[in-house]
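Visitor: Take this structure first; my questions come after.
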Amino acid sequence: MNYHVMLASTLTAAILGVANPASAQQQDQRQAHATLLNTNGKEIGTVGFLATPHGVHLTATAQDLPEGVHAFHIHETGDCDPATNFESAGGHYAPDGNEHGVLVEAGPHAGDYPNVYVQADGVLAIEYINDRISLAEDEDATLFDDDGSALVLHLGADDYESQPAGDAGDRIVCGVIEQGM
């Protein structure tokens, strides 16, 4: 079943009140979302997650961003406080203790993604699969441990090797990852 059909089925069931608690819980473990905030606390985008047999599918859209290449990572704490310049999100998500970067033999972190490119109009639209994370609370590498997880966009590009975070610069966007759509 494709992502859009699954989302439509879930919304229809919720609207009609036919979803039972067990199927709602199972659905929560298959889907997640985040609202992206800039350092002023303004909502500028959204991220959707869907568990698949081959990893977690991520789609993200955002606007009002600086043009160029930016690092994009999952961070270890589900807290996006603009007053801390999103330092509240902690370090990169690395439940297995791996080092940062795909160019490092002991890497990458579970939360490392490829750099993203923001167009001249300030728009970001990306889509990735990550087989190193899980949306199910009872699985290893779950994004829903005791303190949650967040997505962070950095001002600069990730060099894929500098420790501990790829020398990517300031955190300019953050979104707390929450279960369900």
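The values are calculated or read from the model by the stated rules, or taken from the named source; none is laboratory data. Computed from a prediction, not measured in an experiment: that's the story for all the values here. So basically every Cβ, Gly included, is an ideal-geometry build from the backbone, and we count neighbours across all protein chains shown. When the accessible area is computed, the model is the full protein with side chains, heavy atoms only, and any ligands, DNA or RNA have been set aside. Shrake-Rupley method; radii C 1.70, N 1.55, O 1.52, S 1.80 Å.
Visitor: Those residues that are surrounded by fewer than 23 Cβ atoms within 10 Å (Cβ to Cβ) and within 13 Å of Pro114 (Cα to Cα), I need them from segment 155-167; list them, please.
Guide: Gly156, Ala157, Asp159, Tyr160, Glu161, Ala165 - these are the residues of segment 155-167 that are surrounded by fewer than 23 Cβ atoms within 10 Å (Cβ to Cβ) and within 13 Å of Pro114 (Cα to Cα).
Visitor: Separate question: Count, please, the residues in segment 120-130 that happen to be surrounded by fewer than 12 Cβ atoms within 10 Å (Cβ to Cβ) and either among the basic types (Lys, Arg) or more than 13 Å from the chain's Cα centre (by Cα) (or both).
Guide: Matching residues across segment 120-130 total 2.
Visitor: Just checking, which of Ile172, Ile129 is in contact with a Pro (Cβ under 9 Å, 6 or more places away or on another chain) and assigned to a strand (DSSP E or B)?
Guide: Among Ile172, Ile129, only Ile172 is in contact with a Pro (Cβ under 9 Å, 6 or more places away or on another chain) and assigned to a strand (DSSP E or B).
Visitor: Would you confirm whether or not segment 117-128 contains a residue that is of a type in the set (Ser, Thr, Tyr) and touching a residue at least 60 places away in the same chain (Cβ under 8 Å)?
Guide: Within segment 117-128, one or more residues are of a type in the set (Ser, Thr, Tyr) and touching a residue at least 60 places away in the same chain (Cβ under 8 Å).
Visitor: Does segment 18-32 include one or more residues that are open to solvent by 20 Å² or more (accessible area, probe 1.4 Å), modelled with pLDDT of 95 or more and not aliphatic (A, V, I, L, M)?
Guide: No, segment 18-32 contains no residue that is open to solvent by 20 Å² or more (accessible area, probe 1.4 Å), modelled with pLDDT of 95 or more and not aliphatic (A, V, I, L, M).
Visitor: Provide a single number: the residues in segment 79-112 that are open to solvent by 30 Å² or more (accessible area, probe 1.4 Å) and touching a helix residue (DSSP H, G or I) at 6+ places or on another chain (Cβ under 8 Å).
Guide: 2
Visitor: Within segment 60-67, can one find any residue that is at pLDDT below 95, farther than 16 Å from Val152 by Cβ and in a loop (DSSP other than H, G, I, E, B)?
Guide: Among the residues of segment 60-67, not one is at pLDDT below 95, farther than 16 Å from Val152 by Cβ and in a loop (DSSP other than H, G, I, E, B), which makes the answer no.
Visitor: So, Tyr117, is that one open to solvent by 30 Å² or more (accessible area, probe 1.4 Å), part of a strand (DSSP E or B) and either more than 18 Å from Val47 (Cβ to Cβ) or not basic (Lys, Arg) (or both) or not?
Guide: Judged against the criteria, Tyr117 is a match.
Visitor: In this structure, does Tyr160 turn out to be among the aromatic types (Phe, Trp, Tyr) and either more than 23 Å from Ser88 (Cα to Cα) or in a strand (DSSP E or B) (or both)?
Guide: Here the answer is no, as Tyr160 does not meet what is asked.
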